[in-house]
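Shown next, in structure tokens, is the structure this report addresses.
The values are calculated or read from the model by the stated rules, or taken from the named source; none is laboratory data. Quick caveat, the model's predicted, so the values are computed rather than measured. Every residue, glycine among them, receives a Cβ derived from its backbone with ideal geometry; neighbour counts consider all protein chains shown. Ligands, DNA and RNA are stripped out before the accessible areas are found, and what is left, the full protein with its side chains, is counted by its heavy atoms. Shrake-Rupley method; radii C 1.70, N 1.55, O 1.52, S 1.80 Å.
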Amino acid sequence: MYASREDIGYDFGEDSKVGSKPTKPNPNIDGGWAWMIVLSSFLVHILIMGSQMALGILNMEWLEEFNQSRGLTAWVSSLSMGITLIVGPFIGLFISMCGCRTTAIIGGVLNALGWILSAYASNVHYLFLTFGVTAGIGSGMVYLPAVVMVGQYFQKRRALAQGLSTTGTGFGTFLMTALLKYLCTEFGWRNAMFIQGAISLNLCVCGALMRPLSPKDLREKYVVRSDSEENRTKAVSHSTETIKSNGVLGEEPEKKEEAANEEALGSVQHTEIGGKSGSGRSMYGLRLFKTVSQLTVTVRKGFALWYSSYFGAASLFTNRVFVAFIIWALFAYSSFVIPFIHLPEIVKQYNLSRQDNVFPLTSIIAIVHIFGKVILGIISDLPCISTWNVFLMANFTLVTCILTLPLMQTYIGLAVVCALIGFSSGYFSLMPVVTEDLVGTKHLANAYGIIICANGISALFGPPFAGWIYDITQKYDFSFYIAGLLYMVGIIFLLIQPCIEKKQPREKSTEEAQV
């Protein structure tokens with residue numbers, strides 16, 4: 001079964017072009033500042049994903065405050081979660097132009113502003129704009145850089161690093177559930193959101209820690225990867241031939257454009273040096289022109305990379321397994337989000353509030369989720385284990401739990417299923433690793449932006465759909481059954497497409513041999 005992008009013949013060019021000349025490994029790859037990046041990403045997951053998974057507490061407060069239907073009120077949480085992920089492709093454009101650090105700092109300010117403005121909400125529709133849109137966009141501008149930076153700084157221990165950083169979601173869910181419950185009880189939900197907004201300003205600090213790697217550092221990372229995959233040289237060669245036959249955009253036009261840009265900037269510098277005898281105003285104008293020219297070059301290069309990833313000859317959509325991955329993401333995330341949003345209501349419906357107050361079911365998911373991410377990350381990094389197989393097994397376990405959850409009407413039964421949901425959903429830490437295996441580090445920001453965009457669409461419509469079904473049937477059972485079946489459809493796409501991709505090259509080689 002599929003293990004990496006080399007096995008299916010997809011390579012976007014950066015690995016195969018690395019020379020065999022030995023290079024001294026950079027201490028920041030898999031070590032040094034890389035662990036500060038993991039810490040930064042860990043805190044981002046606590047403050048963003050943890051807070052969003054604890055929105056069931058605020059959802060109950062909004063139901064009492066605004067006296068609206070469950071379906072309409074659930075849109076507030078869904079908009080926040082959905083927009084955080086849906087804006088991924090556009091955040092990829094920001095990253096290409098401004099870098100991860102600047103994007104994350106701006107996002108931290110927007111996220112805090114959304115929480116604070118939501119404290120003054122007069123109706124649910126006001127929350128759609130402030131909390132759903134404003135805080136959601138801010139969260140997306142911090143979340144994607146946090147994931148991408150870990151992928152850039154790690155090579156040998158990618159799955160473990162992503163697992164450790166994304167455990168912040170579990171810790172954050174546990175901490176934020178308790179924190180929001182305490183703040184709502186002591187100060188009311190409005191003051192609770194105001195305080196949470198102040199806490200969210202720490203996202204700017206997390207963004208400041210995202211020190212970018214130089215192009216030289218990235219090239220050294222590619223050398224390390226090339227050395228670790230010498231036993232798959234034949235597969236890499238086949239990947240290069242496949243890409244050439246598919247007409248993937250080469251690097252020559254890009255190099256020519258860079259040379260032209262450097263020549264233009266060089267002429268500006270020459271004019272500046274030659275004009276030192278001129279007036280100070282002319283010198284200021286030249287410096288301003290030089291700054292604007294450099295900014296224009298950066299924006300053009302970033303937009304060119306973003307555009308080619310989506311619409312150019314090197315479009316990510318030419319990778320059929322990646323397209324199957326997108327289809328899976330469209331159905332998968334809602335199955336994980338629905339329990340978090342509606343579990344408090346299910347507990348109340350089954351008269352289990354007393355047991356749930358002692359140890360909330362959402363906290364059980366969050367705690368086991370932490371161990372799931374770390375354990376699945378460690379297993380996936382073993383040389384004899386395929387990350388793809390671990391990813392699929394976790395998906396099968398999660399969809400089984402989603403279909404089983406409505407059958408459990410006791411606290412013990414719900415607790416066991418929630419624990420399994422928490423552990424199997426640890427596959428989220430493998431998503432960046434699988435994405436990078438499919439498209440490479442260079443295209444990771446744009447590719448993962450597409451994946452989380454699909455997840456965002458799933459999160460956007462999942463909880464309101466469950467609330468709408470409840471308003472009709474007064475039960476959540478059908479919501480879980482339908483979500484589970486759609487999730488299974490996505491998993492089937494993941495199973496079928498890699499087999500087709502492997503079969504096609506064999507058929508092609510057989511035809512060539514006959515000729």
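Label Thr410 and Asn202 with points 7 Å out from Cα along Cα→Cβ: what is the distance between them in nm?
4.0 nm
Determine, from the Cβ-Cβ distance of Asp471 and His125 and an R0 of 30 Å, the FRET efficiency 1/(1 + (r/R0)^6), rounded to the nearest 0.05.
Result of the calculation: an efficiency of 0.95.
In terms of solvent-accessible area of protein heavy atoms at a 1.4 angstrom probe, what is the ranking of Cys384, Cys418, highest value first?
Largest to smallest exposure gives the sequence Cys384, Cys418.
Give me the distance between the Cα centres of segment 100-117 and segment 336-411, rounded to whole Å.
Here the two parts' Cα centres lie 30 Å apart.
Starting from the residue with the highest accessible area, list Leu63, Leu43, Leu129 in decreasing order, probe 1.4 Å.
My answer, sorted largest first, is Leu129, Leu43, Leu63.
Hey, any idea what the orientation-averaged projected area of the convex hull of segment 27-216's Cα atoms comes to, in nm²?
If you wrap the Cα atoms of segment 27-216 in a convex hull and average its projections, you get 10.2 nm².
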